Each structure stands twice: as C-alpha cells, then as structure tokens.
Amino acid sequence: LGAAIINAEITGNWTAPVNYINSVVNANKDKFYVMNSWGSARHNTLMQTCAMVATKYSEKSGADFSEWCQKQMNMILGDNNANVCLVVGYNDVSATSPHHRAASGLYVDDSWSQWGSWDGNYASVEGSHTLYGALCGGPTSEDFSTFRKLDAKDATSNEVALDYQVGLVGAAAGLYSKFGTGNVAALIPPKYLYRGIS
C-alpha cells in the first residue's frame, strides 16, 4: 500500500490505493479494523496513516477517509466496549502494563524466577514506571474485551515497539492536520522529560 501511494503521488493516479483503502473502510465502518490479531493497533494506525495521505491529496484522489480514521483513533484512545486506551499514559483508562522489561522494573535473573511468579501487573513491582506514549498491541479482534490491560506477560495485547509508534504518530499528525483539534503539547510530568523539554 505504501508503494502504491508513492506511485500515486508521482503519477497522479490514485485508483489502486483508494480502491484498497475503500475496501478496508467499507468492511470496517462501525468496528475496529483488525488486519492481524498480533499488533492489531499497529496495523490499524498504519492503515489510518495511509488513508490520511490519500485524504491529503483528495483533489487528485477524490477520497476523504478522515471521518473513518477519526472513529478508529477514538476507539484506540478509549471509545470502545472495554473502555480502554491503547496508548500508555494518555488518559485515565490507558493501558498500564506494556510488554517492556525496563519499564516493568522487573529483575530477570538467569533462572527467570521472578518472571515466573509475576502476575504481569506493573503495580505489583516496585520500581516500575509509565512508558508514556507507547502504543500497545491491542485486541485480537474487533471486540476490545480480548485486550488484557493488566498483563504485560500477554505480549499479544501489550507488545510495544518502534514500528507500532510510526503508525500512531502518522495517523495523529494526519488527523491533526485535517481537523486541527486535540492537544499536541506533551502532558508528561516534568520530572520524566529530558532536561524539562517536552
């Protein structure tokens, strides 16, 4: 899809990417888009990014997917049946136990004994901290009840990675460019900011 979008930007022919995005949007109008059960939020935000690029070139592409993207992002941020936000530290219903060893504060020795007895909840480990802004993997289906918020050991739900962040930032930037709403200022407590810079 990314290559098709670059080709469309060069040639001005948006037929292939718009048709593909349309098929995804039409099949997922009122539900959370899940391309794959592993990293569903990553794939969702990457699709939003591509859809917002097509929307940016709407004069040539004839497409505007912004409302669909906004609905998908709202689901990621907590407007879903489980009332859970997949972005760590974003709001009061955010995921709290991403699959991230350093943030968990968990000490893992050669025998992995502490890991084996751990319940996966950051609240049970002294020294854990909030991994602000990390996008968790997400639910395994359109039903957010499959997301396990308090279990970092469930890597399907709570995996975090740099490639997950790319789609989140791209989609958020596209939505902000289109709607101009929301807040782009970091709300991370100053003690966690590098030299107090957000």
Worksheet entry | Members of region 84-124 found to be in contact (Cβ under 8 Å) with a residue 24 or more places away in the chain, in a loop (DSSP other than H, G, I, E, B) and within 21 Å of the chain's Cα centre (by Cα), listed by number | V84, L86, V88, G89, Y90, A95, T96, S97, P98, H100, G120, N121
Practice prompt. Identify all residues within region 40-83 that are over 17 Å from the mean Cα position of the chain (by Cα), buried (at least 21 other Cβ atoms within 10 Å of the Cβ) and of a type in the set (S, T, Y); write none if there are none.
Written response: T55, S61
Discussion item. Can you tell me which condition S145 does not meet? The list is (1) open to solvent by less than 70 Å² (accessible area, probe 1.4 Å); (2) at pLDDT 90 or above; (3) of a type in the set (S, T, N, Q), and all the others hold.
Written reply: (1)
Discussion item. Looking at G127 and the list (1) without any contact (Cβ under 8 Å) to a residue 40 or more places away in the chain; (2) surrounded by 13 or more Cβ atoms within 10 Å (Cβ to Cβ); (3) assigned to a loop (DSSP other than H, G, I, E, B), which single condition is not satisfied?
Written reply: (2)
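One line per residue, one yes/no per condition, for (1) over 14 Å from A171 (Cα atoms); (2) modelled with pLDDT under 95; (3) hydrophobic (A, V, I, L, M, F, W, C); (4) in a helix (DSSP H, G or I):
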| site | (1), (2), (3), (4) |
| --- | --- |
| Y20 | yes, no, no, yes |
| V24 | yes, no, yes, yes |
| Q48 | no, no, no, yes |
| E59 | yes, yes, no, yes |
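The values are calculated or read from the model by the stated rules, or taken from the named source; none is laboratory data. All figures in this text were calculated on a predicted structure; none of them were measured in a lab. Positions of Cβ are generated from backbone atoms using ideal geometry, with glycine treated the same way; all protein chains shown enter the neighbour counts. Side chains are part of the model used for accessible areas, which takes the heavy atoms of the whole protein and leaves out ligands, DNA and RNA. Shrake-Rupley method; radii C 1.70, N 1.55, O 1.52, S 1.80 Å.
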